[in-house]
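The structure under discussion appears below in the form of structure tokens.
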Amino acid sequence: MFRHLPLVLSAEDILKKSFNKANKIQITDRNALYKKKKTIIAKTEAFSNTVISTLEQYVKKFPSINNLSPFYQELIDIKISVDKLKKALGAVDWARKTCQMIFSKQSRSLRKSGKIDFLSTKQQEIFGRISSVVRQINKELDVLIDAQIILKKFPDISDKPTVVIAGYPNVGKSSLLRCLSSAKPKIAQYPFTTKEIYVGHLERKEGHIIKRIQIIDTPGLLDRPLSKKNAIEKQAIAALTHLADIIIFVVDPTDVCGYNLDDQLNLLSQVKKMFTSSYFLIVENKVDLKKTDSEFIKISCNNFEGIEYLKDMIFSKF
Ligand SMILES: Nc1nc2c(ncn2[C@@H]2O[C@H](COP(=O)(O)OP(=O)(O)OP(=O)(O)O)[C@@H](O)[C@H]2O)c(=O)[nH]1
Ligand SMILES: [Mg+2]
């Protein structure tokens, strides 16, 4: 989705690249005066056009935030800030227009004059003014440099039917995504292993139809109010809010996750209250270690007990 974002350069690097382009220019003309004049004009053009086209490319290739899905907009807000990114793109566009204006105005006087001294002075003036505009947006370019790295790592979400796996940290959510799909999220025996949203896909042929489902692994949630949730937890809430047709809520009654069952069940009732339009499948994981008499779907990501049944339940709901 965001893989084709341009590699954003700092202000100094944009200027360096543009001066390098200008320095490479060689004009030949038998008339020495013309040669000098043409060279000055061509170098000025090469420098200005490189700056302008670089800035233009950034603005064009960054996604228009308002056209993104609400999920991506919220993810941007959590990880970057929509406002900050919009302001940075606005500033870069302002700089592009300003450089364009400086170049158009000044290059006319370059063409008219035949005096080399005047041409050199004008050229330096254009270099100076454009450089100072680019340096003015140094901070905003830094915002885009960071944003570009973050956006390139965003999960590829499609509008397929979607299952979101949620629950306390360390209960086996990522293990379940591995059991249900070919995705390979990291699994470890400590909480908050998952810090991002991961996507896997589950397919099944039913007659002539292939049913495709998107499954999303989320960072662990703690039983605390939304206002107290950190940026990692907020990503899970964003996935539940914007993407979940089905929510698989995983509980771990064994305590090896490090959290007691009552807290997990409190979270479950909070989540149920928040997401009333999603269908819930509540699974009790790690039944290879302990099985309770709850009515939850019993699974083990270790020995795959209950996994096929869970898949049947998922497909039957779509
Ligand atoms: N015995 C047993 N261990 C399991 C099972 N499923 C997961 N585990 C273990 O539980 C630990 C946590 O698993 P993860 O899949 O990383 O849990 P998570 O919910 O994604 O954790 P966070 O990303 O930190 O929220 C790991 O050590 C897994 O090997 C299971 O069915 N049985
Ligand atoms: Mg995980």
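Starting from the eigenvalues of the Cα gyration tensor, five times each then square-rooted, give me the equivalent ellipsoid semi-axes of the stretch 16-127, largest first, whole Å.
40, 13, 9
Only helical DSSP H runs with n ≥ 4 go in: add -39500 (n - 2.57) per run for the chain, normalise by residue count and round the 222 nm mean residue ellipticity to 500 deg cm²/dmol.
Result for the chain: -17500 deg cm²/dmol, rounded to the nearest 500.
What whole number of Å gives the distance from the Cα centroid of the stretch 233-262 to the Cα centroid of the stretch 130-200?
Taking the Cα centre of each part, the stretch 130-200 and the stretch 233-262 sit 17 Å apart.
Largest first and in whole Å, give the semi-axes of the stretch 162-317's equivalent ellipsoid, each being the square root of 5 times a Cα gyration tensor eigenvalue.
Semi-axis lengths for the stretch 162-317 are 22, 18, 15 Å.
Under the definition of Cα pairs under 8 Å and six or more residues apart, what whole-number percent is the relative contact order of the stretch 162-317?
For the stretch 162-317, the relative contact order is 25 percent.
Hey, got a sec? Which trypsin sites (Lys or Arg not before Pro) in the stretch 1-87 land in a DSSP loop and have at most 14 other Cβ atoms within 10 Å?
ARG3, LYS24, ARG30
Express in % the proportion of alpha carbon pairs of the chain at distances exceeding 25 Å.
61
Taken together, the values in this text are just the output of simple stated rules run on the coordinates, not laboratory data. A quick note: this is a predicted structure, and the numbers were derived from the prediction, not measured. As a convention, Cβ positions derive from the backbone with ideal geometry for all residues, glycine included, and neighbour counts pool all protein chains shown.
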